[in-house]
Amino acid sequence: MRCGSPNAFIDTLYKNKLEEASKLPDVLDDAERQRRRERLAQILRIPAARIAQLGSGEAVYEAPESFHKESIDCGDYVRERIEIETRDGLLMPAYVLLPKTAAADHPVPAVLALHGHGYGSRELVGLTPDGQDEPEGTGIHKHFALSLVKRGLAVIVPELLGFGERRLNADSHLDPKEIGNSSCYKLSSYLIHLGETLAGVRTLETLIAADYALARPEIQGESIGVMGLSGGAFVGYLAGALDVRLTALVLSGYPNTYEDSSFFVGQNCLCDYIPGIVELGDMPDLIGLIAPRSLYLEVGRRDHIFPVQGAIKAADILKQQYEKLGAADRFQVEIFEGGHEIGGAHSFDWLQQEMTGR
């Protein structure tokens with residue numbers, strides 16, 4: 001008997017799309033990996049010129065225009081507030097946490113810290129929504145940028161579009177701590193109508209934040225790390241899939257399969273949906289474009305949004321890919337006793353070791 005239900009329709013469509021994606025050429029082939037990066041960039045509306053530079057070894061990234069707003073002495077580090085010009089006149093506020101040991105003649109490695117849903121960049125740097133001090137370990141983000149700067153890393157904390165100070169005027173008076181008070185849904189709707197996606201804009205801005213960081217004299221080398229929670233991990237893996245300068249990534253509270261997470265069971269925030277993305281496969285297939293660079297998955301056993309069983313399936317797929325690429329030692333997964341939140345028991349030290357070589 002034919003079911004004919006909307007649920008069955010979505011389930012069939014999803015499985016058919018994954019079946020089509022399974023027929024793509026072997027992702028372990030370098031040319032195919034580059035083709036998929038270029039296609040992902042097209043889907044996200046990331047400028048092709050930026051992606052064409054990947055893997056050439058000769059890429060030159062210009063520092064974006066930036067504006068210094070304030071500097072606060074926080075003891076062992078300085079907290080700067082800046083604005084970075086990204087695209088079409090758009091300004092992205094960000095915090096820069098800079099260890100006092102960092103200097104042009106003593107540069108330190110850097111990490112991009114990406115927040116998920118909540119009140120924005122302040123939720124990572126030890127501040128409440130109104131700018132008051134809040135202790136490390138508070139909330140699902142646990143102000144994890146503080147844990148990283150204390151390990152001697154420079155930390156760039158961009159405010160993702162739609163949160164905190166980057167909400168639409170109509171939402172700016174609402175309590176930013178309430179998840180439903182972001183501008184994600186409206187911005188996603190507007191951008192889809194204009195042929196773009198909020199995920200694409202956030203990913204491009206993250207890559208521009210990397211341009212900014214690596215142009216600073218106090219920051220070391222030509223590579224940068226990433227740590228993100230939830231929607232921040234989503235943006236992090238998209239950026240990591242596209243840009244080989246992102247050499248070590250911690251993805252917390254997001255990696256999964258579409259089927260096992262809430263993509264098609266309930267509904268994620270609209271900012272998680274990208275038209276056409278499934279032509280490149282399931283979520284692990286996209287995350288796998290990071291390989292063979294270093295990757296650490298952090299999974300809360302009681303995560304109700306991205307359940308542990310789906311995370312284990314995704315991790316198994318990724319583990320096999322890393323093994324086939326001869327990079328099994330660069331992939332780790334940790335299941336910790338927690339929910340939809342940063343863990344940090346081992347991931348902070350792992351990221352420090354990856355970025356410092358110690």
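Each Lys and Arg contributes +1 and each Asp and Glu -1, all at the Cβ; summed about the Cα centre of region 230-304, the dipole is approximately 300 debye. Summary value for the chain: 17 percent relative contact order, contacts being C-alpha pairs under 8 angstrom separated by 6+ residues. Each residue, Gln309 and Val265, gets one label point 7 Å from its Cα in the Cβ direction; the gap between the two is 0.7 nm.
With a Förster radius of 45 Å applied to the beta-carbon distance between Lys15 and His68, the computed FRET efficiency rounds to 0.30. Please give me the summed charge of the neighbours of Asn16: other residues whose Cβ is under 14 Å from its Cβ, Lys and Arg +1, Asp and Glu -1. Every neighbour counted, the sum reads -3. For the pair Glu323 and Ala104, the difference between a 0.36 nm per residue extended length and the Cα-Cα distance amounts to 75.0 nm. Spin-label model, Ser22 to His193: label points 7 Å out along the Cα-to-beta-carbon direction sit 3.9 nm apart. Between the amide H of Leu127 and those of Glu134, distances stay under 5 Å, these residues lying 5 or more places away or on another chain, with hydrogens modeled in the peptide plane. Ranked by the mean number of other Cβ atoms within 10 Å per residue, highest first, peptides 111-119, 87-95 order as 111-119, 87-95. Just the protein heavy atoms count here, and of the accessible area of the chain at 1.4 Å, carbon and sulfur take up 51 percent.
State the label only: which of [x] 31, 61, 8, 0; [y] 29, 60, 11, 0; [z] 28, 57, 15, 0 corresponds to P(r) over Cα pairs in 20 Å bins from 0, in percent computed from the shown model? Matching entry in [x] 31, 61, 8, 0; [y] 29, 60, 11, 0; [z] 28, 57, 15, 0: [x]. What region 39-143 shows is 47 Å² of accessible area per residue, with the surface traced by a 1.4 Å probe over protein heavy atoms.
In terms of the mean number of neighbouring beta-carbon atoms within 10 Å, the peptides 299-305, 126-132 order highest first as 299-305, 126-132. Whole-Hz Karplus ³J(HN,Hα) for region 63-74, in order, using 6.51 cos²θ - 1.76 cosθ + 1.60 and θ = phi - 60°, x for Gly and Pro? Working through the residues one at a time gives 5, x, 5, 9, 9, 7, 9, 6, 9, 10, 6, 10 Hz. Packing around the peptides 222-232, 188-198, taken as the average count of other Cβ atoms within 10 Å per residue, puts them in this order, highest first: 222-232, 188-198. Distances between placed amide hydrogens fall under 5 Å for Val78 paired with Leu98, Lys100, all partners being 5 or more residues away or on another chain.
Dividing the summed -39500 (n - 2.57) terms of all DSSP H runs of n ≥ 4 by the residue count of the chain sets its mean residue ellipticity at 222 nm at -9500 deg cm²/dmol. Sorting Glu205, Glu259 by accessible area puts them as Glu259, Glu205; the probe is 1.4 Å, largest comes first, and only protein heavy atoms count. The phi torsions of region 345-352, fed into the Karplus equation with coefficients 6.51, -1.76 and 1.60 and a -60° offset, translate into couplings of 4, 10, 5, 4, 5, 4, 5, 4 Hz, rounded to whole numbers, with Gly and Pro shown as x.
Taking the alpha-carbon distance from Lys324 and a cut-off under 22 Å, which lysines remain once sequence neighbours fewer than 8 residues away in the same chain are dropped? Those lysines meeting the cut-off are Lys23, Lys313. Inter-label distance, Ile335 to His173: 4.8 nm, where each label sits 7 Å from its Cα along the C-beta direction.
The values are calculated or read from the model by the stated rules, or taken from the named source; none is laboratory data. This is a predicted model, so every value here is computed, not measured. Neighbour counts are summed over all protein chains in view; Cβ atoms, including those assigned to glycine, are modelled from backbone coordinates with ideal geometry. Each accessible area value is taken on the protein alone, full model and side chains, heavy atoms only, with ligands, DNA and RNA left out. Shrake-Rupley method; radii C 1.70, N 1.55, O 1.52, S 1.80 Å.
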